[in-house]
Amino acid sequence: MINNTVNRVTIIGFIDREPEIREFPSGGQVCSFTVKTSEKFKDRTTGEDREISQVNRVGVYVPLFINAIQNEVVQGDLVYIEGRMETRKSTDQMGNDRFWTEISIRPYHGSFAKLNATGAGAESSFPENKPSNEPSQWRNYNTKNDNPNSDTGTSRRGFSSDNEEDDNIPF
């Protein structure tokens, strides 16, 4: 039996619905929106150009990302999303169970970046394209070096330890 599994989703698509921020009774927040992805192909039988689109729900639970999304992201923006697929259940007022699936971005388990620029002269919001002396709102929680102002250390995805002995892990 396999004990190690992976739940990782990566999409690049367009914001299909304006981001909506809701607060939990506990004080936390979630930013919800949908991202549309499309695949274009030529139909084998008719030779016509076809397109298949998917709309994916996204839930962001990282306060830093929520603030950046609230201030800079609008419908139609091209975004990079990396997170986990999660299925949720709730009961409506009539007592019916409702299920939905979303890509969930949680602290230390996801990334978000705005890929396109809106407005004249705007630049990409990928952290790699930001000047090193400017703190990035789009910080990637999966990097070894979390300080955008520091030039020390190497950035290795999925590792957060400064201990070189961790490099001996066989996977």
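Considering the range 1-33 alone, what residues qualify as being of a type in the set (Gly, Ala, Ser) and closer than 19 Å to residue 62 by Cα?
Our first condition is that a residue be of a type in the set (Gly, Ala, Ser); within the range 1-33, this holds for 13, 26-28, 32.
Selection gives 26, 27, 28, 32.
Determine whether the range 70-92 contains at least one residue that is among the small types (Gly, Ala, Ser) and within 20 Å of residue 108 (Cα to Cα). Talk me through it step by step, then tell me what you get.
Step one: of the range 70-92, the residues among the small types (Gly, Ala, Ser) are 76, 83, 90.
Retained after the next criterion (residues that are within 20 Å of residue 108 (Cα to Cα)): 83.
Yes, the range 70-92 contains at least one residue that is among the small types (Gly, Ala, Ser) and within 20 Å of residue 108 (Cα to Cα).
Would you say residue 111 is crowded, with 18+ Cβ neighbours inside 10 Å, farther than 17 Å from residue 37 by Cα, at pLDDT 90 or above and among the small types (Gly, Ala, Ser)?
Values: crowded, with 18+ Cβ neighbours inside 10 Å: yes; farther than 17 Å from residue 37 by Cα: yes; at pLDDT 90 or above: yes; among the small types (Gly, Ala, Ser): yes.
So residue 111 fits the description; yes.
The values are calculated or read from the model by the stated rules, or taken from the named source; none is laboratory data. Computed from a predicted structure; not experimentally measured. Note that each Cβ is placed from the backbone with ideal geometry, even for glycine, and that neighbours are counted across all protein chains shown.
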